[in-house]
Amino acid sequence: MLSHPLAEGAELRALEPWRAEEFYAFVVRSGVHLTPWMPWATDTDEPAKAERWLQGYADAQARGGRRVYGIWLDGLLVGGTGFATFDARAGVCSLGAWLAPEARRRGLVTRAARHMTEWAFETRGMSRVEWAAATRNEPSIAVAKRLGMEREGVLRSALTLGGVRHDVEVWSLIADRR
Ligand SMILES: CC(C)(COP(=O)(O)OP(=O)(O)OC[C@H]1O[C@@H](n2cnc3c(N)ncnc32)[C@H](O)[C@@H]1OP(=O)(O)O)[C@@H](O)C(=O)NCCC(=O)NCCS
């Protein structure tokens, strides 16, 4: 996938290491709005770390594993989505997403995640797509609901964010039960 249209002026594209400078600029602009839920936004505090983060995804993708995409709105990188895990042998993958505040409430992540889910099921023959979100992260849980996912349960105290422990809800779509 070189690029996939999401809406007027909005596109989903592979986010590769050669875009590290652009990605770092996005984190500088918008990272503070992601840090409550996305620890990597705090850790990416210099350009070399942005490049390493993207290279980690590129290396994993080359081995058939996790992968990351960017969302551009009117030519500006405003967010992204990723398969945080992608285990083709097990047929199981998990999705994640983030947006700068100005790109929210337009359905961009829901559309991107739908496209990725279709690709996972139809092109890659995956059986299960997961979405995990801290119980208190209502906008994230709303995405899982919009994707038609089913809530499977809560992993109690499964995540630490900014020194605070969180319960995590697990949601999923199953290929042959959609
Ligand atoms: C989670 C996050 C990506 C959700 O962003 P979002 O903009 O609410 O999600 P979407 O892009 O799917 O947009 C949905 C919103 O657009 C609206 N919308 C407009 N057109 C739409 C369309 N065609 N399809 C779906 N939704 C549409 C929806 O009504 C909804 O707005 P509402 O909440 O006011 O009802 C965002 O809150 C975020 O980046 N949070 C910080 C990082 C984070 O927590 N990531 C998830 C970790 S698990």
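See the values below:
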| read-out | value |
| --- | --- |
| Residue under evaluation E102, criteria (1) more than 11 Å from the ligand (Cβ to nearest atom); (2) within 20 Å of A7 (Cα to Cα), criterion not met | (1) |
| Unique match (being surrounded by 15 or more Cβ atoms within 10 Å (Cβ to Cβ), more than 10 Å from the ligand (Cβ to nearest atom) and among the β-branched types (V, I, T)) among V143, V68, V109 | V68 |
| First in the stretch 122-150 and within 14 Å of F83 (Cβ to Cβ), second anywhere and among the aromatic types (F, W, Y), Cβ under 6 Å, 6 or more apart | W131/W171 |
| Odd one out for L54 among (1) more than 16 Å from the ligand (Cβ to nearest atom); (2) open to solvent by 10 Å² or more (accessible area, probe 1.4 Å) | (2) |
| Which listed residue, of P17, P5, P39, is within 14 Å of the ligand (Cβ to nearest atom), more than 21 Å from E102 (Cβ to Cβ) and not polar (S, T, N, Q) | P39 |
| Subset of the stretch 123-140 that is part of a strand (DSSP E or B), more than 10 Å from the ligand (Cβ to nearest atom) and not basic (K, R) - its residue that is farthest from R89 (Cα to Cα) | E130 |
| Tally of residues being modelled with pLDDT of 90 or more and either of a type in the set (S, T, N, Q) or in a loop (DSSP other than H, G, I, E, B) (or both) across the stretch 24-47 | 7 |
| All positions within the stretch 156-178 that are outside any helix (DSSP H, G or I) and either open to solvent by 90 Å² or more (accessible area, probe 1.4 Å) or basic (K, R) (or both) | R156, R165, R178 |
| Top-ranked residue of the stretch 21-35 - restricted to ones that are farther than 16 Å from A103 by Cβ and open to solvent by less than 70 Å² (accessible area, probe 1.4 Å), ranked as farthest from the ligand (Cβ to nearest atom) | Y24 |
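The values are calculated or read from the model by the stated rules, or taken from the named source; none is laboratory data. The shown structure was predicted, so the numbers you read here are calculated from the model rather than taken from an experiment. All Cβ positions, even for glycine, are placed from backbone atoms using ideal geometry, and neighbour counts span all protein chains on display. What goes into the accessible areas is simple: the full protein's heavy atoms, side chains included, and nothing from ligands, DNA or RNA. Shrake-Rupley method; radii C 1.70, N 1.55, O 1.52, S 1.80 Å.
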